[in-house]
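Here is the structure we will look at, set down as structure tokens.
FYI, it's all coordinate maths here, none of it is from the lab. Please read all numbers here as calculations on a predicted model, not as lab measurements. A quick note on method: Cβ atoms are made from the backbone with ideal geometry, for glycine too, and the neighbour counts reach across all protein chains shown.
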């Protein structure tokens, strides 16, 4: 199996070498840094979401209920649900579970989850722009474009 190149990068290298870009290298910086630090960006979002769930017990209940629905319908019932002699296909059932999840999370404090997502996206783009890529990041970005 090939090494995908996705790994958590050192936080010290993540937070160093920050310089303003020139106009001609912004797109290259974004691409290179995002490819190199994508797991770090995901971990930031994961920690923010975890903090939200811990600080809002109702949100934790919503996630637990949604996970239970998913496990019930897709593990125990094998993706089958019959309502009034109509059997929902697996794809339709997945859409129902997603809609229920989004509704529950929205009711139980989903705005904070949306803010965490927007914050992570903005922070990731800003970091990708102002961090000068090292040679290792450039090589990794080049490899990911070839594969």
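Ordered by the number of other Cβ atoms lying within 10 Å of each residue's own Cβ, fewest first, 22, 31, 120 fall into the sequence 22, 31, 120. Ordered by the number of other Cβ atoms lying within 10 Å of each residue's own Cβ, fewest first, 107, 83 fall into the sequence 83, 107.
Here 115, 105, 100 are placed in order of increasing Cβ neighbour count within 10 Å, fewest first, which gives 115, 100, 105.
Measure out, as a whole number of angstrom, how far apart the alpha-carbon centroids of the range 112-135 and the range 21-68 sit. A separation of 9 Å, based on Cα centres.
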